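Enquirer: Submitted below is the structure of interest, expressed as structure tokens.
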Amino acid sequence: MSSAPSPIRLTGPWTESRVQEFLGEARIPMRLAANTDSGFPIVLSLWFLAEDDEILAVVHRDARIAKRLEADARCAFEIAPDAPPYRGVRGQATANLDADGAAALLERLLDRYLGSTDSSLGRFLLARAEEELIVRLRPNWMASWDYSRRMEDALDR
């Protein structure tokens with residue numbers, strides 16, 4: 001996310017710079033929810049990278065989430081660790097899918113989450129990189145939460 005003023009509406013205890021710091025440091029998957037024809041959302045966990053007021057991920061072009069986002073670009077996301085103290089960022093966004101640059105982003109995500117592209121998973125994903133799409137989320141609003149202080153004494157046990 002850029003350091004320029006953002007058009008994203010932000011609520012919660014964190015400043016925009018703290019949200020950017022959290023997203024930059026977090027090595028946890030983003031949970032992405034998309035609408036379906038049935039009215040029930042689907043949720044998928046994806047590696048992400050925050051960059052220039054966007055949250056980027058990569059999916060296979062045949063993935064159900066890709067089809068759903070093509071049909072309805074409105075989505076929601078959450079980026080939060082599972083372990084206490086509970087804290088994170090959630091929001092709503094508009095998604096755009098694009099094949100251009102997906103292979104390069106996939107390499108960056110492999111480096112970010114696994115430390116390199118040199119693994120059986122890395123080789124598998126890169127072997128089909130031409131079939132991947134960038135999921136480019138443009139958040140409309142984001143909310144942060146941080147229960148670190150209120151959980152302090154509960155975690156000392």
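The values are calculated or read from the model by the stated rules, or taken from the named source; none is laboratory data. All of these numbers come straight from a predicted model, not from anything done at the bench. Counting neighbours? That spans all protein chains shown, and the Cβs are built from the backbone with ideal geometry, glycine included.
Enquirer: Among the residues of segment 128-138, is there at least one that is without any contact (Cβ under 8 Å) to a residue 60 or more places away in the chain and part of a helix (DSSP H, G or I)? Break it down into steps so the answer makes sense when it comes.
Expert: Of the residues in segment 128-138, the ones without any contact (Cβ under 8 Å) to a residue 60 or more places away in the chain are 129-130.
If we keep only those that are part of a helix (DSSP H, G or I) as well, we get 129-130.
Yes.
Enquirer: Which pairs have Cβ atoms under 6 Å, sit 6 or more apart or on different chains, and link a residue in segment 60-82 that is free of Cβ contacts under 8 Å to residues at least 24 places away in the same chain and under 13 Å from Thr36 (Cα atoms) to one that is of a type in the set (A, V, I, L, M, F, W, C) and part of a strand (DSSP E or B)?
Expert: Ala73/Ala95
Enquirer: Could I ask something else about it? Filter segment 81-134 down to the residues that are among the polar types (S, T, N, Q) and more than 16 Å from Ile55 (Cα to Cα), then identify the one that is surrounded by the most Cβ atoms within 10 Å (Cβ to Cβ).
Expert: This residue is Thr117.
Enquirer: Which condition breaks for Trp14 when tested against (1) modelled with pLDDT of 95 or more; (2) part of a loop (DSSP other than H, G, I, E, B); (3) within 15 Å of Arg138 (Cα to Cα)?
Expert: (3)
Enquirer: Then there is this: Cβ-Cβ below 7 Å, separation at least six or inter-chain, first residue in segment 14-43 and farther than 16 Å from Ala93 by Cα, second outside any loop (DSSP other than H, G, I, E, B) and acidic (Asp, Glu): which pairs?
Expert: Correct list of pairs: Trp14/Asp146.
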